[in-house]
Amino acid sequence: MSASPPRILIVAPNWIGDALMAQPLFARLREKQPTARIDALAPPWVVPLLERMPEIDEVISAPFAHGALALAARWRLGRSLRGRAYDQAIVLPNSWKSALVPLFAGIGLRSGYVGEARYGLLSLRYRAPRRTIARQSMVEHYAQLSEPPGRAPPMPLPEPRLRVAPAAAEASARAFGFASSPAKNAVLCPGAEYGPAKRWPAEHYGELAAALAAQGVRVFLLGSANDAEICDAVVRASGGAARSVAGRTSLGEAIALIAAADFVVSNDSGLMHVAAGLDRPQVALFGSSSPEHTPPRSRRARVVWLRLECSPCFARVCPLGHFRCMTELTPARVLDELARLGVLGSPPSP
């Protein structure tokens, strides 16, 4: 009798960007074990993203509030998964509580980074190199878990890619008022959950939106309900040239709108990684964070980073109070990068 295909449970990251940077791990697992069943356990706000990854067979929604221990709920979920007889769990978040469900599910091989001293919770433990933030991309950090501890994953790694049906992209575009071809539609993403140090100023986004509208581009501002305030500020700064749909879309609709956009401009955020995963032309704006650590993984992405002496600081708020890494990054520079991408016509002379 032939052995049954291996069954793997991935405990997915809690953030959209991190989940996309973990996809090369999923792809590498699929390369190594083509017949394996790979399921993912994820918070509800990440589920739509994982559902659009071809490597994942099923996404299980974790019914836990963000940051909650929810010990009883984790125990019940773990017990409910026992019948699936997973051969391995790979735990991507570093928290202690994130490793509980695989333990309660009776999964013998539980792998992941030691993180919060998870020696009793993980049976195959990895150690991150010191100062991972400065030395290793997050894609490589996650992909390491496809290899035995101490062995680096072969390069190059697969790029993160999402699948969106053209009909779904077209339907969302119509529903939210995208202009019909040959007119162009731009999606700007002014938010960043991590903190204001990652956000290009609303005034700059407004100036960019007005300049794009003057060239006949229809400009949409995309983000979660938490981004509605900054998106409204961009609308005002643009003189009404931009239209905000922040907080009015589901994540699935936001993904479809990005898929339908002619180009994207964003901060270092989850939606930046979505645009890269959809291989849309984009300009990604970096200030307090590093494109060496969390770059948009697409050849159609252009990164703008001033590389000031104080950057990257990885702070949520500028510790020096001047925020030069973003305020000195001008809308003209972004327009120049868009022209070089070829989305506004002919690129400028070198």
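Since every read-out is calculated from the coordinates, none of them should be taken as a lab result. No experiment lies behind these values; they were computed from the predicted model shown. Heads up, the Cβs are rebuilt from the backbone with ideal geometry, glycines too, and the neighbour counts pull from every protein chain shown.
Annotations for the structure displayed:
- Cross-link partners of Lys32 among aspartates and glutamates, defined as those whose alpha carbon lies under 20 angstrom from its own and excluding same-chain residues fewer than eight positions apart: Glu55, Asp57, Glu58, Asp87, Glu140, Glu147, Glu159.
- The stretch 7-146, relative contact order in percent, only Cα pairs under 8 angstrom and at least six apart counted: 26
- For the chain, the 222 nm mean residue ellipticity estimated from helices alone, with every DSSP H stretch of n ≥ 4 adding -39500 (n - 2.57) and the total spread over all residues, rounds to -8500 deg cm²/dmol.
- For peptides 254-261, 295-302, sequence by mean Cβ density within 10 Å, most packed first: 254-261, 295-302
- Going from the residue with the fewest nearby Cβ atoms within 10 Å to the one with the most, Met272, Met138, Met155 rank Met155, Met138, Met272.
- In this simple spin-label model, placing a label point 7 Å from the Cα along the Cα-to-Cβ direction at both Arg307 and Glu193 gives a separation of 3.1 nm.
- Overall dimensions of the stretch 7-146 as given by Cα atoms, namely Rg and Dmax in Å: 13.9, 42
- With viscosity 1.002 mPa s and temperature 20 °C, the Kirkwood radius over alpha carbon pairs of the stretch 231-318 converts through Stokes-Einstein to a diffusion coefficient of 151 µm²/s.
- For Ala228, neighbours were defined as the other residues whose beta-carbon sits under 14 Å from its Cβ, and their charges (Lys and Arg +1, Asp and Glu -1) total 0.
- Length-normalised contact order of the chain in % [C-alpha pairs under 8 Å, at least 6 apart]: 15
- Cα centroid of the stretch 197-232 to Cα centroid of the stretch 36-53, whole Å: 30
- For the stretch 169-341, the direction-averaged projected area of the alpha-carbon convex hull comes to 8.9 nm².
- Gaussian network model of the chain, springs between alpha carbon atoms under 10 Å - residue of Ala197, Ala19, Ala209 with greatest fluctuation: Ala197
- GNM on the chain, alpha-carbon springs under 10 angstrom: the most fluctuating residue among Cys189, Cys231, Cys310 is Cys310.
- Counted by Cβ distance under 10 Å from Thr330, the other residues give a net charge of -2, where Lys and Arg count +1 and Asp and Glu count -1.
- Shown here are the Rg and Dmax of the Cα trace of the stretch 4-71, at 12.2, 36 Å.
- Between 0 and 90°, nearest 10: helix 228-237 axis offset from the chain longest Cα axis: 20
- Nearby aspartates and glutamates by direct alpha-carbon distance to Lys97 (threshold 12 angstrom, same-chain neighbours under 8 apart not counted): Glu116
- Sparse-neighbour loop sites [GluC sites (Glu not before Pro); the stretch 187-267; at most 10 other C-beta within 10 Å; DSSP]: none
- Per-residue Cβ neighbour rank within 10 angstrom, fewest leading, Leu122, Leu109: Leu109, Leu122
- The chain: most fluctuating residue of Arg28, Arg161, Arg307 per GNM, C-alpha cutoff 10 Å: Arg307
- Cα-based equivalent ellipsoid of the stretch 109-255: semi-axis lengths in Å, sorted from largest, via gyration tensor: 40, 19, 15
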